[in-house]
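S.K.: Here it is, the structure, as structure tokens.
The values are calculated or read from the model by the stated rules, or taken from the named source; none is laboratory data. This one's a predicted model, so the numbers in the text were calculated from it and none came from an experiment. When we count neighbours, we look across all protein chains shown, and the Cβ atoms used for this are built from the backbone with ideal geometry, even at glycine. Heavy atoms of the whole protein, side chains included, go into the accessibility calculation; ligands, DNA and RNA do not. Shrake-Rupley method; radii C 1.70, N 1.55, O 1.52, S 1.80 Å.
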Amino acid sequence: MINKALNHLEELLITFLIGAATVIIFISVAHRYMSGVDIPGLQDWLLTLDFGWAQELCIIMFVWMAKFGAAYGVRTGIHVGVDLLAEQLTGAKRRLITTIAMSGGVLFTAILTWIGTDFVIHVRHGGQTSPDLEIQMWLIYLAVPLGSALMCFRFVQALHKFLT
């Protein structure tokens, strides 16, 4: 039940982020090029709009999407993996190499979660804000420990499924 809700939340977040970023980029680019069109009233109105924040927001959205997209990739089995050696082996040797590789994924993402959490705590105490949106930077960097923790959980799930 909880896993199913997490799956849907993960998919919803990724879908929202890529969709919203695409719309924001489209509007920003259209604004940039439409501001030069000589249509009375439209040009004046477009020049009053400020889209200086759009690039920063889209970068933040793509970072969050990449972190949660990597976890989605692990869950669905489409995450990039180097399995050249495992593909050449059979039986117990293949099972051992795959288990070691997946355990490495668990360990790596667990370390990333730990280091990312420490980094977010330090940034929070520093009080930094983003230049255009003026969002607390620790909220932006929270993508690293949250996405890494979810990815670690997905590696544990995949390893459990593989071993059973």
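S.K.: Restricting attention to the stretch 74-94, which residues are under 16 Å from F162 (Cα atoms), of a type outside the set (A, V, I, L, M) and at pLDDT 85 or above?
M.R.: Listed by number, the residues that qualify are R75, T76, G77, T90, G91, K93, R94.
S.K.: Here are some conditions: (1) free of Cβ contacts under 8 Å to residues at least 40 places away in the same chain; (2) farther than 21 Å from I140 by Cα. R75 meets all but one. Which one does it not meet?
M.R.: (1)
S.K.: Also, quick follow-up: Quick one: L47 ticks every box in (1) farther than 29 Å from L9 by Cβ; (2) at pLDDT 95 or above except a single one, so which number is it?
M.R.: Single failed check for L47: (2).
S.K.: Consider only pairs whose beta carbons are under 8 Å apart and that are at least six residues apart or on different chains; among these, list those whose first residue lies in the stretch 5-30 and is without any contact (Cβ under 8 Å) to a residue 60 or more places away in the chain and whose second residue is part of a helix (DSSP H, G or I) and open to solvent by 70 Å² or more (accessible area, probe 1.4 Å).
M.R.: I14/Y72; L17/F62; A21/F62; S28/Q55
S.K.: Give F155, F108, F119, F162 a once-over and let me know the one that is part of a helix (DSSP H, G or I) and closer than 22 Å to E11 by Cβ.
M.R.: On the way: F108 fails: closer than 22 Å to E11 by Cβ; F119 fails: closer than 22 Å to E11 by Cβ; F162 fails: closer than 22 Å to E11 by Cβ.
On inspection, the qualifying residue turns out to be F155.
S.K.: Next question. Pick out, from the stretch 1-98, the helices (runs of 4 or more DSSP H) lying fully within it that include 3 or more residues that are surrounded by 12 or more Cβ atoms within 10 Å (Cβ to Cβ).
M.R.: 2-34, 42-48, 54-76
S.K.: I'd like the full set of residues that are of a type in the set (A, V, I, L, M, F, W, C) and open to solvent by 90 Å² or more (accessible area, probe 1.4 Å), limited to the stretch 108-141.
M.R.: Of everything in the stretch 108-141, those that are of a type in the set (A, V, I, L, M, F, W, C) and open to solvent by 90 Å² or more (accessible area, probe 1.4 Å) turn out to be F108, W114, I115, F119.
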